[in-house]
Amino acid sequence: MTDDMSIENYLAQGGVLSNPSNVPPRYRAELMKMMATFVDSELAGAAGFADIINEGPGIKARIAAAKIVLEKSDSAEKVLRIMGDFGADIERYADHHPWTARLERGADIGQSRTKHDMRLAVFNYPLEGWADAVMMNLLMGRAVALQLEEMSHVSYQPLAEAFRAILPVEAHHAELAEEGLMVLVEAQGTDALQELADYWWPRVAASFGQEASEKFEGLKAMGLRRTPNAGLKARWQQDAGAILGKTGLKPAA
């Protein structure tokens, strides 16, 4: 960055930052929101999945589920360390918090966050059994992979590097869920599983946010976004729909 170029212009031209002391206030606020949303979602997701481990059909499935819980917690910790660089109290952040808190199954909060934390709305719904966890992990896993690919290009270099390291781990979770779904379809058919797909599809879709976000251009100018919400959601609908289609299941209408 040259001496006569503002940080805003530098970012708008594709520049990257690597030190908390250099970031403008608005950039810092948006970056902290992005990190908190990811960390809270990973910790809430891990907590919910932990309760399902012993419902896995066999030791191999239980080991895979336990590994997912471990890896989600580790991914959260990677980003939490970067939040600590910005002054977040990382020792207190994840302790004594109701990460297992969930709404009633029939609740529908759209894209709203709860008062507890910054987790995506989808992580406020309860998992009810192994098949339900597999379906949620499949659909949300595909969404997370797309969202992480987007975030792996953010202009704050340490965070971009963390997301690039996390992406293959989360993508593997979605692959495990796809394998698990194939097993479930062979064992029990598609009727009950279609009900689960119908339940989770709109809730995962909501995690992409408003399709016409007024904030997008500002985030793009800061190097914190590249693809509009509508574009990411459309890619997810195509990817997740194709995976469901291989098993005879359909996306929710």
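The values are calculated or read from the model by the stated rules, or taken from the named source; none is laboratory data. Please read these numbers as outputs of a predicted model, since none were measured by experiment. Heads up, the Cβs are rebuilt from the backbone with ideal geometry, glycines too, and the neighbour counts pull from every protein chain shown. What goes into the accessible areas is simple: the full protein's heavy atoms, side chains included, and nothing from ligands, DNA or RNA. Shrake-Rupley method; radii C 1.70, N 1.55, O 1.52, S 1.80 Å.
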In segment 209-232, how many residues are over 22 Å from MET35 (Cβ atoms) and either under 18 Å from the mean Cα position of the chain (by Cα) or not in a loop (DSSP other than H, G, I, E, B) (or both)? 3
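Provide a single number: the residues in segment 137-179 that are in a helix (DSSP H, G or I) and open to solvent by less than 20 Å² (accessible area, probe 1.4 Å).
Looking only at segment 137-179, we keep the residues that are in a helix (DSSP H, G or I), and these are 137-151, 157-179.
Right, trim to open to solvent by less than 20 Å² (accessible area, probe 1.4 Å) and you get 137-141, 143-146, 148, 150, 159-160, 162-163, 166, 170, 173-174, 177.
Counting residues in segment 137-179 that are in a helix (DSSP H, G or I) and open to solvent by less than 20 Å² (accessible area, probe 1.4 Å) gives 20.
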If you take the residues in segment 88-103 that are free of Cβ contacts under 8 Å to residues at least 12 places away in the same chain and outside any helix (DSSP H, G or I), which one is farthest from ALA162 (Cα to Cα)? HIS96
Within segment 216-252, residues being free of Cβ contacts under 8 Å to residues at least 60 places away in the same chain, open to solvent by 30 Å² or more (accessible area, probe 1.4 Å) and under 21 Å from VAL16 (Cβ atoms) number 2
Selection from segment 25-60 of residues that are open to solvent by less than 20 Å² (accessible area, probe 1.4 Å) and over 17 Å from the mean Cα position of the chain (by Cα): TYR27, ILE52, GLY56
Quickly run through segment 25-77 and pick out the residues that are acidic (Asp, Glu) and part of a helix (DSSP H, G or I). GLU30, ASP40, GLU42, GLU55, GLU71, ASP74, GLU77
Taking ALA88 as meeting all but one of (1) open to solvent by less than 80 Å² (accessible area, probe 1.4 Å); (2) within 17 Å of the chain's Cα centre (by Cα), write down the number of the exception. (2)
Among the residues of segment 118-136, write down those that are open to solvent by less than 20 Å² (accessible area, probe 1.4 Å) and closer than 27 Å to SER18 by Cα. ARG119
When you look at VAL183, is it open to solvent by 70 Å² or more (accessible area, probe 1.4 Å), outside any loop (DSSP other than H, G, I, E, B), touching a residue at least 60 places away in the same chain (Cβ under 8 Å) and among the β-branched types (Val, Ile, Thr), yes or no? yes
Does segment 147-163 include one or more residues that are out of contact with any helix residue (DSSP H, G or I) (no Cβ under 9 Å at 6 or more places or on another chain), over 20 Å from ALA234 (Cα atoms) and in contact (Cβ under 8 Å) with a residue 40 or more places away in the chain? yes
